[in-house]
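Asker: First, the structure itself, so that you have it in front of you.
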Amino acid sequence: MRECIRCGAEMKEDCTIKVAGTGYGIVMSTDENKLFGGRIGSPKVAICPKCGEVSIYVEDTRKIE
């Protein structure tokens with residue numbers, strides 16, 4: 001459970017980020033100089049239903065060097 005840093009309410013987790021007008025999401029990488037280098041994966045989003053605060057997080061932190 002993620003707790004909102006602004007109001008303390010329980011956040012809705014496992015949401016995603018999509019770029020408007022496309023079917024693509026966002027992928028995070030640790031090495032921007034390589035085409036597919038250091039892919040961490042897609043960020044997850046938690047949204048507070050009470051105040052609207054948005055929190056972006058990485059689910060699997062083992063891939064971060």
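The values are calculated or read from the model by the stated rules, or taken from the named source; none is laboratory data. All of these numbers come straight from a predicted model, not from anything done at the bench. Please note: Cβ atoms are built from the backbone with ideal geometry, for glycine as well, and neighbour counts cover all protein chains shown. Ligands, DNA and RNA are stripped out before the accessible areas are found, and what is left, the full protein with its side chains, is counted by its heavy atoms. Shrake-Rupley method; radii C 1.70, N 1.55, O 1.52, S 1.80 Å.
Asker: Hey, any hits in the stretch 41-61 for a residue that's open to solvent by 80 Å² or more (accessible area, probe 1.4 Å), on the phi > 0 side of the Ramachandran plot and out of contact with any helix residue (DSSP H, G or I) (no Cβ under 7 Å at 6 or more places or on another chain)?
Answerer: No, the conditions are met nowhere in the stretch 41-61.
Asker: Here's a follow-up. Give the stretch 1-18 a look and list any residue that's open to solvent by 80 Å² or more (accessible area, probe 1.4 Å), at pLDDT below 95 and hydrophobic (A, V, I, L, M, F, W, C), or say none.
Answerer: Selection gives Met1 alone.
Asker: Please tell me if Gly21 is at pLDDT 80 or above, open to solvent by less than 70 Å² (accessible area, probe 1.4 Å) and part of a loop (DSSP other than H, G, I, E, B).
Answerer: In short, no.
Asker: Next up: Name, by its number, the condition in (1) within 23 Å of Met11 (Cβ to Cβ); (2) modelled with pLDDT under 85; (3) of a type in the set (S, T, N, Q) that does not hold for Ser55.
Answerer: Tallying (1) within 23 Å of Met11 (Cβ to Cβ); (2) modelled with pLDDT under 85; (3) of a type in the set (S, T, N, Q), Ser55 fails exactly one: (2).
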